[in-house]
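S.K.: Let me begin by handing over the structure; questions about it come next.
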C-alpha cells in the first residue's frame with residue numbers, strides 16, 4: 001500500500017434482524033479511519049436499513065411509508081441527507097433507506113430522537129425483517 005493512502009476499517013455499527021427467527025441480532029463494530037498525516041480524515045457516518053416488506057403490502061403503502069420516514073428523518077439534527085428506494089421487480093419485496101450523518105455523536109443522538117422512534121414504528125408495520133448497518137464514509141468524492 002502506498003505511503004499516501006489511508007488505512008480504513010469501514011464498519012462502525014451493524015445491527016441485523018434475522019427474519020427466519022424474528023429476532024434482533026446486534027453486532028457492534030467500532031473502528032476509526034485516519035489519514036496518512038495522522039489526523040482524522042473528512043468522515044461522516046452512513047446508516048443504511050434494508051427492508052424485506054411483508055408480501056401482503058401494496059406498493060402504494062410502501063411508497064407512502066418511505067416518504068413519511070424521509071420526512072421524519074430529515075429533520076433530525078446531524079442528518080445531512082436521507083435517500084430511499086425500492087426494488088421494482090415484482091418478485092422482490094425489498095427497500096433501502098440510507099441516512100448520512102455528520103459524525104458518530106449524531107448517529108447516537110438520532111437513535112434516541114422521537115422522530116427516529118416514529119420512523120422505526122412505521123417501518124416495523126410493513127417490514128417482516130430488516131438489516132441495519134452504519135459505517136464511516138468519506139465526504140470526498142472520487
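S.K.: For region 45-85, how many residues meet the condition of being out of contact with any strand residue (DSSP E or B) (no Cβ under 7 Å at 6 or more places or on another chain) and outside any helix (DSSP H, G or I)?
M.R.: As a first pass, look at region 45-85 and keep what is out of contact with any strand residue (DSSP E or B) (no Cβ under 7 Å at 6 or more places or on another chain): 55-61, 63-65, 67-68, 71-72, 75-77.
Next, from what is left, pick out any that are outside any helix (DSSP H, G or I): 55-58, 75-77.
Looking only at that region, the number is 7.
S.K.: Please go through region 114-142 and pick out each residue that is assigned to a helix (DSSP H, G or I), more than 15 Å from residue 74 (Cβ to Cβ) and free of Cβ contacts under 8 Å to residues at least 24 places away in the same chain.
M.R.: Taking region 114-142 and keeping what is assigned to a helix (DSSP H, G or I), we get 114-126.
Next, only the ones that are more than 15 Å from residue 74 (Cβ to Cβ) stay: 117, 120-121, 123-126.
Hits for region 114-142 are 117, 120, 121, 124.
S.K.: Further question on the same structure: Restricting region 56-91 to residues that are in contact (Cβ under 8 Å) with a residue 40 or more places away in the chain and surrounded by fewer than 15 Cβ atoms within 10 Å (Cβ to Cβ), which is farthest from residue 123 (Cα to Cα)?
M.R.: Initially, region 56-91 is screened for residues in contact (Cβ under 8 Å) with a residue 40 or more places away in the chain, giving 57, 61-62, 65, 68-69, 72-73, 75-76.
Checking which are surrounded by fewer than 15 Cβ atoms within 10 Å (Cβ to Cβ) leaves us with 61, 68, 75.
Numbers: 61: 11, 68: 10, 75: 17 Å.
By that ranking, first place goes to 75.
S.K.: Looking at region 95-114, which of the residues that are within 17 Å of residue 64 (Cβ to Cβ) and crowded, with 16+ Cβ neighbours inside 10 Å is nearest to the chain's Cα centre (by Cα)?
M.R.: We begin by selecting, within region 95-114, every residue within 17 Å of residue 64 (Cβ to Cβ); these are 95-97.
Filter again for crowded, with 16+ Cβ neighbours inside 10 Å, leaving 95, 97.
Details: 95: 12, 97: 6 Å.
Across region 95-114, the extreme among qualifying residues is 97.
S.K.: Show the residue pairs that are 6+ apart or on different chains and have beta-carbon atoms under 7 Å apart, the first residue being within region 92-113 and at positive phi, the second being buried (at least 20 other Cβ atoms within 10 Å of the Cβ) and not in a strand (DSSP E or B).
M.R.: none
S.K.: Here is a follow-up. What is the one condition in (1) modelled with pLDDT of 95 or more; (2) surrounded by fewer than 17 Cβ atoms within 10 Å (Cβ to Cβ); (3) more than 14 Å from the chain's Cα centre (by Cα) that residue 48 does not satisfy?
M.R.: All conditions are met except number (3).
The values are calculated or read from the model by the stated rules, or taken from the named source; none is laboratory data. Quantities reported herein were computed from a predicted structural model and do not represent experimental measurements. Note: ideal-geometry Cβ built from the backbone for every residue, glycine included; neighbour counts use all protein chains shown.
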